[in-house]
Amino acid sequence: MFLQIFSVLILIALVAVFIELRKTKQSVSELKSEIEDVNISQEPAKCLWQYTTESWWDLELPEVRISTKIFKSWGTKPKASNIRNLRNRIEEIFKNLNIKVEEINDPFIGPSATLVSFRPAVGVKIQDILDLKNDISLALASHPIRIEAPIPGTNLIGIEIPNEGKAIVGLKEELETEEFKKEEGSLLVPFGRDIKYEQKIIDLFKLPHLLIGGATNSGKSMFMHSLIVSLMTQHSPNSVRFILADPKRVELPMYNGLPHLLTPVIMDYKKARNALKWCLNEMDRRFEILAENEAQNINAYNEKGGEKMPFIIFIVDEMADFSVMDERNRLREDMIKILQMGRAVGIHLIVGTSRPCDEIYPVMFRVNFAAKLAFSTASSDDSRIILDTSGAEKLLGRGDCLFVDAEMPKPVRLQLPFISDEDIAKAIKYIKDKVGVKHNVDAVASLFPDEDDMDELIEEAKEIVIEANKASASFLQRKLRIGYARAASILDTLEELGVIGPANGANPREVLVEKEVKDIS
């Protein structure tokens, strides 16, 4: 009897062991399949992910800077021959128009226009002079003239008269001046010469963002090229990185392959949104690092030694093409967050368009830009969109612009530096020859799905996890009959939408939505 009972127990144990072995074999088979799915899905992004860790900027990148010696000298001085006896002519015109003046000063010869300043007599109204602008232009046989009334910080009125021959402000000459070399700043950019032919140097870190507008062929793209190249003459990829967006696919793709770029040049709306989301994520992470190191801003952090954060310059060449796709203003909303908080952590935004209007630059968007740059515009309305004042419609084009920032009461007229296509090609070739191979780092790959690109099973998965009040990759695999990689991607999307909480080790994720709530998109 005892032997029979013992035999039955042994038989039961053998059956149990056999069943467990089959379960183990099945689990191993499923795990192997999941690993294969992960390897297949993650293989293309493997080289991208390593650059999105906490120290993505701590890469061994070449310390290469462009030498200004490779550029051609394009600069020319303004000529004074066209303003001889100009002061006497202005005085005679005022007499003929019955405008009484106390004093007419000697002209200042600028790159594109000559400034004649004068003090009106007591009792003469500024509006009376402005009303006679066309008469003054006709008498001078010069168009268009621009009247600055009054000149900021003075009791003078200025008349800007176009020169017969415009002087060229060369980028090479601007980068090699003693004033520029002595200037102290994190992100110095030469902004050319003003109406008195004095050099204007801007620190982007203080700016800290720039709104640009102007008609086609007015000089916007040339300015962006000069800004990019001038920064690459002073900074290696370890200290300045660029994200370039060019939906026109014409101006900026030539920079592809340079180590200064965080991603290949962006040409479509969805990638632009993903890049902005990446910047927001990077901005939050940098604030945490600054707080941990008790640093007020990126400069203070970098001065402490150790690994340094590079500045990130996000440039959008034509906002209008993106705005067509931005029906819900999501792109501009992300930009506004960067505009409000990006300066401290070294993220700067430069946005331009050739079609300035309220649809592209709405009020709530442009008020966040302290600095604005207006090139020649088709109308005074376009000028007001950019600068909140007229005047840009009187500019001469080809780099002639009005610039204003938080420190200026009124816009100042500038002639921006000129850089030729030949010099741009030399600069790109110089870096590529030094580097040897392409070092494009796609740190801002599509890690954040756009709502239009969401998995088709997102809504079904949302209902399943809300109903079950639990969420895990294996649970979604069973319910939706999908692979592990796709299930994990759906979980990440649900987390971004606020449906579930973050990963918690091997435990299922917390569901943040009550059962009765059916839709939380």
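The values are calculated or read from the model by the stated rules, or taken from the named source; none is laboratory data. Note that the coordinates shown come from a computational prediction; the quantities given were computed from them, not determined experimentally. We place every Cβ from the backbone using ideal geometry, glycine too, and count neighbours over all the protein chains shown.
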One residue is enough: does segment 160-176 have a residue meeting the conditions polar (S, T, N, Q) and over 23 Å from G397 (Cα atoms)?
no
Can you name every residue in segment 107-145 that is within 38 Å of the chain's Cα centre (by Cα) and in a loop (DSSP other than H, G, I, E, B)?
G110, P111, S112, H143, P144, I145
S230 passes all but one of the listed conditions (1) modelled with pLDDT of 90 or more; (2) surrounded by fewer than 21 Cβ atoms within 10 Å (Cβ to Cβ); (3) hydroxyl-bearing (S, T, Y); the exception is number (2)
Can you name the residue in segment 146-179 that is under 23 Å from G192 (Cβ atoms), β-branched (V, I, T) and over 33 Å from the mean Cα position of the chain (by Cα) and is also modelled with the lowest pLDDT among such residues?
T154
Of all residues making up segment 321-377, the number that are assigned to a loop (DSSP other than H, G, I, E, B), touching a Gly at 6+ places or on another chain (Cβ under 9 Å) and either buried (at least 20 other Cβ atoms within 10 Å of the Cβ) or of a type in the set (D, E) (or both)
6
Is there a residue being within 25 Å of I228 (Cα to Cα) and either within 14 Å of the chain's Cα centre (by Cα) or among the small types (G, A, S) (or both) anywhere in segment 296-310?
yes
Residue set E174, E198, E148, E178; condition assigned by TED's automatic domain parsing to the domain that holds L86 and either over 21 Å from M309 (Cβ atoms) or touching a helix residue (DSSP H, G or I) at 6+ places or on another chain (Cβ under 7 Å) (or both); output residue E148
Residue that is under 25 Å from P62 (Cβ atoms), in contact (Cβ under 8 Å) with a residue 40 or more places away in the chain and not assigned by TED's automatic domain parsing to the domain that holds T493, where the choices are R241, R330, R343, R273
R241
Looking at K100, K125, K69, which one is free of Cβ contacts under 8 Å to residues at least 60 places away in the same chain and within 30 Å of K429 (Cβ to Cβ)?
K69
Just to be sure, is E184 more than 30 Å from I126 (Cα to Cα), in a helix (DSSP H, G or I) and out of contact with any helix residue (DSSP H, G or I) (no Cβ under 9 Å at 6 or more places or on another chain)?
no
Can you confirm whether L339 is over 12 Å from the mean Cα position of the chain (by Cα) and among the hydrophobic types (A, V, I, L, M, F, W, C)?
no
Across segment 381-397, the tally of residues that are under 23 Å from the mean Cα position of the chain (by Cα) and surrounded by fewer than 18 Cβ atoms within 10 Å (Cβ to Cβ) stands at 2
I need the full set of residues from segment 187-235 which are assigned to a loop (DSSP other than H, G, I, E, B) and under 17 Å from I168 (Cα atoms), in order please.
I195, K196, Y197, E198, N217, S218, G219
Scan segment 130-141 and report the pairs whose first residue is under 17 Å from N88 (Cα atoms) and whose second residue is not aliphatic (A, V, I, L, M), with Cβ atoms within less than 6 Å and a gap of 6+ or a chain change.
S137/H143
Please state which of the following conditions I201 fails to meet, knowing it meets all the rest: (1) of a type outside the set (S, T, Y); (2) buried (at least 18 other Cβ atoms within 10 Å of the Cβ); (3) touching a Pro at 6+ places or on another chain (Cβ under 9 Å); (4) at negative phi.
(2)
For segment 455-501, what are the residues that are among the small types (G, A, S), closer than 17 Å to L512 by Cα and surrounded by fewer than 16 Cβ atoms within 10 Å (Cβ to Cβ)?
A468, G498, G501
Restrict the check to segment 66-75 and report whether at least one residue is modelled with pLDDT under 90 and under 30 Å from L156 (Cβ atoms).
yes
Has segment 251-273 got at least one residue that is out of contact with any Leu (no Cβ under 8 Å at 6 or more places or on another chain), crowded, with 23+ Cβ neighbours inside 10 Å, of a type outside the set (D, E, K, R) and within 21 Å of M325 (Cβ to Cβ)?
yes
Tally, over segment 406-450, of residues that are over 30 Å from P78 (Cβ atoms) and at pLDDT below 85
16
